[in-house]
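What follows is a short report on a single structure.
No lab work stands behind these numbers, since they all come straight from the coordinates. Just so you know, these numbers come straight off a predicted model, no measurement behind them. As a convention, Cβ positions derive from the backbone with ideal geometry for all residues, glycine included, and neighbour counts pool all protein chains shown.
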Amino acid sequence: MENIPYAARGVIRPMLACLMLLSPFPATAADDQSLTLASFGAVGDDRADDTQALQKAFRQASGRCLDGEGRTYRVRGTLRGAADFCLANARLRQDVAAFDTRPWMRGDCPVEKDAQALADCGDPAMPDPVPAGLDAYLYTRTLLIRPERGEPPIKVSLRNVTVDRGASPESGARSDAAGIWIGNARDLVLEDVEVTGAGKGYGVIIVDSADITIRRLWLHDMVWAPYLGDAPLLLDRARHIGWNSVPLREFRRAGDRGARQNGFYGTRSQEQLTCLSIEGSSNVLIDDLRIDGCRARFVEGDIPWQTDGMGVGQSSSNIQIENARISDTWEGIDMGNVDNIALSNAEITDSFNYAVKVGYQTHAVSLVDSVFSRAGIAGVVISGPVRDTLIRRVRIDEPGRIFFAGAMQSPWGQGRAGVELDMGNPAQHAKAYPTGVLLENVTVRGGRDCPLGLLNRTPERVSLEGLRVSGCEAVSQHAPR
């Protein structure tokens with residue numbers, strides 16, 4: 001143990017010491033009728049268009065709590081909160097404005113291996129400005145809560161709030177649409193929040209915020225599909241081309257990342273939907289997280305393809321995730337460029353790639369007391385310049401197989417391992433591989449698709465204190481020094 005880094009000994013430094021666990025707002029304002037959504041003219045009968053009434057309420061509440069009285073409010077487009085924001089007991093149902101993208105797609109997109117490249121699919125250019133309905137179709141954020149540029153951070157509280165993103169899986173854009181988008185907040189509380197519905201983008205995204213408490217967040221039954229006019233998703237085609245190489249169209253404005261004109265371009269398939277994303281944020285406590293189904297719509301049915309359950313990155317720090325239940329996703333949790341992150345008492349099931357992916361320049365990772373079942377490639381992968389990772393009392397079941405399209409399948413041909421360590425790019429980092437990895441009381445229970453309990457493709461030695469492997473062809477394999 002003398003050479004094991006401090007964090008890998010399991011003495012992860014104290015987290016969230018400054019986290020405010022109390023709500024920055026009064027619990028509710030149900031007894032103050034002037035602060036109900038109805039008092040601003042909202043109907044809440046799940047039929048009337050309440051967009052204008054809710055926007056008026058958000059502008060005039062002046063940071064006081066708004067009570068939705070348990071009603072369902074239909075809205076169209078983005079609702080904006082730019083000051084201290086508090087909403088309770090409300091269900092928002094998005095009516096996505098339809099936009100027919102088929103006239104702007106006429107060719108076949110070539111297969112593209114470079115994730116940054118844009119391919120010319122032979123599609124016509126869009127005029128400048130682009131058609132009026134396109135922005136709403138692509139960039140709707142049902143709840144957008146952030147201060148105006150240059151203004152100080154705001155306080156945010158959402159309690160007993162549901163957002164239904166609507167019924168159009170073709171709508172949205174992977175980096176620009178969301179059910180709930182929160183930015184530049186301090187003292188942020190989400191309790192008993194639910195997001196569901198269709199479309200590309202995010203269920204919930206929190207950006208550049210701090211002192212965050214999330215309890216009982218449920219993200220479920222979310223699905224995306226290619227834009228109308230693009231090639232439909234077919235399982236046999238995806239297998240033949242490669243799960244990471246299927247071409248998809250994305251919209252670009254002229255001059256945006258190499259686009260010559262307004263219009264749709266072919267891109268290499270990347271995650272089009274992320275149920276929960278934490279970016280550039282610090283001091284985060286997430287307790288009792290449920291993610292049930294982030295999928296893509298194939299002709300054969302909805303598949304957990306190019307859809308992450310949870311992503312944490314962009315220089316986030318001090319992240320604690322407790323009691324997470326995640327199923328049917330591309331990757332259960334994808335963490336990269338994070339300092340000090342702990343996951344405990346998690347159950348992650350049926351991940352197309354990995355249950356947990358740790359990458360980029362991440363430091364001080366703790367994965368404890370958890371079960372990762374059925375991941376297509378590996379239960380845990382650690383890739384690139386990751387420092388100090390502890391995996392303790394973790395069980396990994398049936399790596400290499402997942403359940404989708406009504407059957408148990410091995411989408412990658414064969415499984416790789418329970419735990420996998422990979423090299424990164426040496427041109428970007430001197431030590432482009434994980435260091436300080438400790439596996440303590442880790443169990444891998446494999447099957448016919450588990451060649452290895454541990455696969456180490458790096459020159460760094462993994463410290464093992466109780467690795468138990470059954471049902472795999474070999475216990476471990478280390479790359480030559």
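Under the criterion of Cα pairs below 8 Å and six or more residues apart, the relative contact order for the chain equals 10 percent.
Compute the Cα gyration tensor for region 155-309, then decide on rounded, prolate or oblate, letting a ≥ b ≥ c be the square roots of its eigenvalues: rounded whenever a/c is under 1.5, prolate when a/b is larger than b/c in the other cases, and oblate in all that remain.
On the way: a/c = 2.33, a/b = 1.59, b/c = 1.47.
Verdict is prolate for region 155-309.
Residue-normalised convex hull volume from the C-alpha trace of region 247-306: 107 Å³ per residue.
Applying 1/(1 + (r/R0)^6) with R0 = 25 Å to the Cβ-Cβ distance of Ile241 and Ala432, what FRET efficiency is obtained, to the nearest 0.05? The partial results should precede the final answer.
Details: r = 28 Å, r/R0 = 1.14.
Approximately 0.30, to the nearest 0.05.
Over all other residues within a Cβ to Cβ distance under 10 Å of Ala231, the charged ones net out to 0, with Lys and Arg as +1 and Asp and Glu as -1. Listed by chain and number, the lysines whose alpha-carbon sits under 24 Å from that of Lys155, ignoring those within fewer than 8 places in the same chain, are Lys56. Note down the net charge around Arg91, summing +1 for each Lys or Arg and -1 for each Asp or Glu among other residues with Cβ under 14 Å from its Cβ. Residues close to Arg91 contribute a combined charge of -3. Over all orientations, region 317-451 has a Cα convex hull whose mean projected area works out to 7.6 square nanometres. In the chain, what % of DSSP beta bridges are antiparallel (nearest 5)? Once the DSSP bridges in the chain are tallied, antiparallel ones form about 10 percent. With a cut-off of 12 Å between beta carbons, the residues surrounding Asp176 carry a summed charge of +2, where Lys and Arg count +1 and Asp and Glu -1. Based on Cβ point charges of +1 for Lys and Arg and -1 for Asp and Glu, what charge dipole magnitude is obtained for the chain about its Cα centre, in debye rounded to the nearest 20? Dipole of the chain, to the nearest 20 debye: 640 debye. Basic side chains Lys and Arg get +1 at the Cβ, acidic Asp and Glu get -1 at the Cβ, and with that the dipole of region 335-428 about its Cα centre reaches some 100 debye. Per-residue ellipticity at 222 nm from helix content only, as computed over the chain with -39500 (n - 2.57) for each DSSP H run of at least four residues, stands at -1500 deg cm²/dmol. Projecting the Cα positions of Gly133, Ser316, Gly81 onto the charge dipole of the chain (unit charges on Cβ atoms of Lys, Arg, Asp and Glu, taken about the Cα centre) puts Ser316 furthest along the positive direction.
Grouping the Cα pair distances of the chain into 10 Å bins from zero gives a pair-distance distribution of 4, 19, 28, 26, 16, 5, 1, 0 percent in increasing distance order. Averaging the Cα positions of each part gives two centres, and for region 177-211 and region 303-339 these lie 14 Å apart.
Label-to-label distance for Ser344 and Asp114 is 4.6 nm, based on points extended 7 Å past Cα in the beta-carbon direction. How many angstrom lie between the C-alpha centres of region 414-466 and region 377-404? If we compute the Cα centre of each part, the gap is 8 Å.
Here region 330-458 carries DSSP beta bridges of which approximately 5% are antiparallel, counting only pairs with both residues inside. Distance between the 7 Å Cα→Cβ label points at Arg216 and Asp287: 1.2 nm. With a ≥ b ≥ c the root eigenvalues of the C-alpha gyration tensor of region 40-99, is it rounded (a/c under 1.5), prolate (a/b larger than b/c) or oblate? Oblate.
Between Asp49 and Arg186, how high is the FRET efficiency from 1/(1 + (r/R0)^6) when r is the Cβ-Cβ distance and R₀ = 30 Å? Nearest 0.05. That pair, Asp49 with Arg186, gives E of 0.35.
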